1. So how do 232-238, 144-150, 250-256 stack up, highest first, on mean other-Cβ count within 10 Å?
2. Give the peptides 170-181, 53-64, 155-166 in descending order of average Cβ contacts within 10 Å, highest first.
3. ³J(HN,Hα) across the stretch 214-225 via Karplus (A = 6.51, B = -1.76, C = 1.60, θ = phi - 60°), whole Hz, x for Gly/Pro?
4. For labels at Asp142 and Val158 in the simple 7 Å Cα→Cβ model, what's the distance in nm?
5. Please check: in the Gaussian network model of the chain (C-alpha springs, under 10 Å), which one of Ala197, Ala99, Ala206 has the largest mean-square fluctuation.
6. When only C-alpha pairs under 8 Å and at least 6 residues apart count, what is the relative contact order of the chain, in percent?
7. Ranked highest first by the average count of other Cβ atoms within 10 Å around their residues, in what order do 271-280, 89-98 fall?
8. Can you figure out the FRET efficiency of Glu150 with Thr213, using R₀ = 51 Å and their beta-carbon distance, to the nearest 0.05?
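Rule-based calculations on the coordinates, nothing more; no lab input. As the structure is a prediction and not an experimental result, all values here were calculated from the model. All Cβ positions, even for glycine, are placed from backbone atoms using ideal geometry, and neighbour counts span all protein chains on display.
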Amino acid sequence: MPTITADDGVRLYYEEAGTGTPIVFVHEFLGEIRCWEPQIRHFSRRYRCIAYNARGYPPSDVPDRVEDYSFEHQRAGIRAVLDGLGIEKAHIVGLSMGAFATFYFGMKWPERALSLTLAGIGSGAMPDARAQFRHESEAAADRLLADGWERSAEARAVSPTRVQYQNKDPRGFADFVGMLRQHSAKGSALTLKGYQALRPALGTFAEEMAACTVPTLIISGDEDEPCLDASLMLKRAMPSAGLFFMPQTGHACNLEEPALFNAACETFFHQVESGQYRMRDARALPGRMI
C-alpha cells in the first residue's frame, strides 16, 4: 500500500496514474481519493495524477489528538506528497476542505505550485458566518462520535448544497453515500474539531493574496450558497485569480458536473503551461462604471 510520511510521522495513503506534468488532487471533508475518479480518468491520459487521503481518512493514519488535524498539518500534507514523490512543482487542485488546504499551501509555499485550483471554497470563511460554522462543526463532530457514519452518512450528504447532485445523478449520489459510510467517524470528528472549526479565515491572508502571482482558478457552483461571497472576495483580492461559476450546481461540483469541471481545469492548465495566463490588468480594477 503506497504511503508518504508527513513531517510528524503520519502516513498518508496515495494513488497515482499517468505520466507528464503532475497534478495533485486534495479532497473535501465528505470525500476521499475515490471522489476524484472522474478527474483522474480524464487527466491521467496526459498528466501524472496524484490523489491522497488526508489524515483521519483510512487507509491514511488516524491520529488521536485534535491538534494533529490543524490547518498547518493539512497544508503541510500537500508539501509532504510533493517531497515524497520528488516533485518540485505541480498543479494543485482542491475541493472545499481540500481547497482551503490548497489555498493555505499556496500562501506559504507559492514556489511549489504551478497553479492553484480552489473549488467549492469558502464555507464559514466570511466574518458573519464564522461563529455559526464553528458551532456547527463542533456539534457535527459530537454527533458523529455518538452515531458513526453508518447511521449518519445519508443525513449528512443530503444538504442544501448537495441535493443538486442527488437530483442530477441518483446513482452517483448513492455511490457517494456508500463511500461516506466507510469513513472513520473518529478521523472525521477530529478533522471537524481541529481543522474545520479552527482554520483561519481567508481574509487573514490579505497581504499574501494581494502579492500572489501563482495562477489561480476559483470554481463554484452557483447554488453553493456558502461559497459564493467568498469566491467573489478571493477573485477581488487575488490579481492572479480567475473565477468560474457552474450553473445550477452545488458543492461537489467535480462529481456533479465532471465534464464541465474537467474542461474548465484543462483550459486553465493549458493557459498556464503555454505562458498565456496573465495577471489582472490594472486597468480592469473598479473605478468607474462606463
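1. Taking the mean over residues of other Cβ atoms within 10 Å, the ranking is 250-256, 232-238, 144-150.
2. In descending order of packing, they fall as 53-64, 155-166, 170-181.
3. In residue order, the calculated couplings are 6, x, 10, 10, 9, 10, 8, x, 6, 10, 8, 3 Hz.
4. Each label point lies 7 Å from its Cα, and together they span 2.5 nm.
5. Ranking Ala197, Ala99, Ala206 by mean-square fluctuation puts Ala206 first.
6. It comes to 19 percent, rounded to a whole number.
7. 89-98, 271-280
8. The pair Glu150/Thr213 has a calculated efficiency of 0.65.
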